[in-house]
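S.K.: Take this structure, written in structure tokens, and hold onto it; I'll ask about it next.
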């Protein structure tokens, strides 16, 4: 096999290491930072590098990008890990970088992996050397720099957020690994649907995707053309699970979404948690689940418990900040809360009915008393003349006023249910309706 032949000729190097790009054009993902015309790409291409912090989940290309910066900028590359190194190692790097600059006129890029694991004094050790240009500092972290890094270090660096790779990015990387000499040089065959599953199973982690491909290659068997082929059966052995779990477009996937939604609507926290876990275990994008929970919070709970929407948005943000699997617990918290929250579809029904009416009704004009009057001409035309400023009315309510177009002034959309907070909203609406009926200033009779 190509993989074994490569190892025999050069000594073993993991596929992920061999596939590190040599140019920005080969770098996969992060187009929001290094796509054509983006500021960071321009800075790299123009040789105007600066110290930076790369913040993102594992496997999105932080180390790869740092090495690429050094290659493109013709810099000497030094690396230190916060897990394995201390101040003594930093001093040695500083000395080498200084000597290199003086003797050879070459600048150094220092890449600090897991920089958040350095304590305050260790982080402070970098500061004078960043300031005097001994090296260009590039730190990588999976944690929020605002919480984990010293403000002094942050003030001397720019923070760039790296995102999980999209499946199309992963597929591009896998196909390149199959075709290029650094990978399998066309000697390994993998069907498109099998590659699709590899990409889905990677969770946006390029390293994980390449590792899956590499291990699968060890199981590959020659086909009739004598080329090694990775089949679905080989991939199932590697992943130790059924590939059907990653069928994101199949009926099972949509059935599970339906089951999750109906479990929450049915106020069953156990069913909600079960289907949430089934979807996550099956390879569903956790961010997709987060979006669905936010929708459920508005559709099935609404104003019966407005905290549900807030909690769902917090879960989404927690997932984006922590990534998987740590952030998935926030989804479980949201799903179980939504299941036990009081239910109301009053907002959902009101919104749908209002949208349906607007699509079929004429474009009614805004009533004259509600129109804006920024000019003397519009004031002379009576715009806003009889508008009643609610804050100047008893209870800050202009009893008898109408805010709908004249032709539909009696139409009602939102009817709160008598569950959760909407009990209070329903009571208030009933009291305001009574004030409207009693008002001698009722606009429509």
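S.K.: In nm, to one decimal, how far is the modelled label at residue 404 from the one at residue 357, with both set 7 Å along Cα→Cβ?
M.R.: Inter-label distance under the simple model: 0.4 nm.
S.K.: Ranked by Cβ crowding within 10 angstrom, fewest neighbours first, how are 410, 78 ordered? Could the numbers behind the result be given before it?
M.R.: Details: 410 8, 78 20.
Lowest to highest Cβ neighbour count: 410, 78.
S.K.: Something else now. Which residues in the stretch 185-219 place their backbone N less than 11 Å from a point set 7 Å from the Cα of residue 13 along the Cα-to-Cβ direction?
M.R.: The answer is none.
S.K.: Please report the antiparallel percentage of the DSSP beta bridges confined to the chain, to the nearest 5.
M.R.: Numbers: 2 of 23 bridges.
Expressed as a percentage, antiparallel bridges in the chain total about 10.
S.K.: Kirkwood hydrodynamic radius for the chain: how many Å is it when counted over pairs of different Cα atoms?
M.R.: Values: mean 1/r = 0.0369 Å⁻¹.
Every distinct Cα pair counted, the radius reaches 27.1 Å.
S.K.: Right, something else. What full-extension length gain, to one decimal in nm, is calculated for residue 120 and residue 372 as 0.36 nm per residue of separation minus the Cα-Cα distance?
M.R.: Values: separation 252, 0.36 × 252 = 90.72 nm, distance 5.70 nm.
Between residue 120 and residue 372, full extension yields 85.0 nm more.
S.K.: How large is log10 of I(q)/I(0) for the stretch 190-345 at q = 0.10 Å⁻¹ when the intensity is taken from the Debye formula with one equal scatterer per alpha-carbon?
M.R.: Debye curve over Cα of the stretch 190-345, log10 I(q)/I(0) at q = 0.10 Å⁻¹: -0.43.
S.K.: Cβ neighbours within 10 Å, averaged per peptide: list 315-328, 290-303 in order, most packed at the top. Could the numbers behind the result be given before it?
M.R.: On the way: 315-328: 18.1, 290-303: 21.9.
Result, highest mean Cβ count within 10 Å first: 290-303, 315-328.
S.K.: Quick one: if you stick a label point 7 Å off each Cα along the C-beta vector at residue 388 and residue 430, how many nm between them?
M.R.: Reported label-point gap for residue 388 and residue 430 is 2.3 nm.
S.K.: Simple spin-label model, 7 Å along Cα-to-Cβ: residue 147 to residue 218 in nm?
M.R.: It works out to 3.7 nm between the two label points.
S.K.: Moving to a separate point now. For helix 192-202, report the angle its Cα long axis makes with the longest principal axis of the Cα atoms of the chain; keep it between 0 and 90° and round to the nearest 10°.
M.R.: With rounding to tens, the tilt is 80 degrees.
S.K.: If a/c stays under 1.5 just call it rounded; otherwise compare a/b with b/c (prolate if a/b is bigger, oblate if not). Do that for the stretch 167-244, with a ≥ b ≥ c from the square roots of the Cα gyration tensor eigenvalues. Intermediate results must be reported in sequence, preceding the final value.
M.R.: Details: a/c = 1.83, a/b = 1.15, b/c = 1.60.
The shape class here is oblate.
S.K.: Sticking with this structure for a sec: Arranged from highest to lowest average of other beta-carbon atoms within 10 Å per residue, in what order do the peptides 193-200, 108-115 appear?
M.R.: 108-115, 193-200
S.K.: Two-decimal Rg/Rh of the stretch 30-161 from alpha-carbon positions, Kirkwood Rh? Display every interim value, and only then the final one.
M.R.: Details: Rg = 14.0 Å, Rh = 14.9 Å.
Answer for the stretch 30-161: 0.94.
S.K.: Sort 98, 383, 392 so that the residue with the fewest other Cβ atoms within 10 Å of its own Cβ comes first and the one with the most comes last. Each step should come with its number before you reach the end.
M.R.: Values: 98 15, 383 18, 392 8.
By the 10 Å Cβ count, ascending: 392, 98, 383.
S.K.: Between residue 159 and residue 131, what length in nm is gained on full extension when 0.36 nm per residue of separation is reduced by their alpha carbon distance? Before the final figure, lay out each step's value.
M.R.: Details: separation 28, 0.36 × 28 = 10.08 nm, distance 1.68 nm.
Value of the extension gain: 8.4 nm.
S.K.: OK, next. Could you state the angle between the C-alpha long axis of helix 251-265 and the longest principal axis of the C-alpha atoms of the chain, as a value from 0 to 90 degrees rounded to the nearest 10?
M.R.: Helix 251-265 sits at roughly 50 degrees to that axis.
S.K.: Same structure, new question: Please report the base-10 log of the normalised intensity I(q)/I(0) for the stretch 251-340, using a Debye sum with one equal scatterer per alpha carbon and no solvent, at each q in 0.11, 0.15, 0.20 (1/Å).
M.R.: -0.24, -0.46, -0.83
S.K.: Have a look at 267, 121, 258 and tell me which one the Gaussian network model of the chain (Cα, springs below 10 Å) gives the largest fluctuation.
M.R.: The residue with the greatest mean-square fluctuation here is 121.
S.K.: Expressed as an acute angle from 0 to 90° and rounded to the nearest 10, what is the orientation of the C-alpha long axis of helix 422-438 relative to the principal long axis of the chain?
M.R.: Result, in degrees: 30.
S.K.: As a footprinting exposure proxy, order 368, 83 by other Cβ within 10 Å, with the fewest listed first. Could the numbers behind the result be given before it?
M.R.: Numbers: 368 15, 83 9.
Least crowded to most crowded, the residues run 83, 368.
S.K.: Based on the Cβ-Cβ distance of residue 317 and residue 191, what FRET efficiency does E = 1/(1 + (r/R0)^6) give at R0 = 41 Å, to the nearest 0.05?
M.R.: Details: r = 38 Å, r/R0 = 0.93.
That gives a FRET efficiency of 0.60.
S.K.: Find how much the distance from residue 237 to residue 95 grows on full extension, using 0.36 nm per residue of separation minus their present alpha carbon separation; answer in nm with one decimal. It would help to have the intermediate numbers written out before the result.
M.R.: Details: separation 142, 0.36 × 142 = 51.12 nm, distance 4.94 nm.
46.2 nm is the gain from fully extending residue 237 to residue 95.
S.K.: Rounded, prolate or oblate: pick one for the stretch 309-445, where a ≥ b ≥ c are the square roots of the eigenvalues of its C-alpha gyration tensor, a/c under 1.5 means rounded, and failing that, prolate if a/b is larger than b/c, else oblate.
M.R.: Working: a/c = 2.45, a/b = 1.94, b/c = 1.26.
Taking the square roots of the gyration eigenvalues as a ≥ b ≥ c, the stretch 309-445 is prolate.
Laboratory data are not the source of any read-out in this text; all were calculated from the coordinates shown. Not measured: the values here are computed from a predicted model. Positions of Cβ are backbone-derived with ideal geometry, glycine not excepted, and every protein chain shown enters the neighbour counts.
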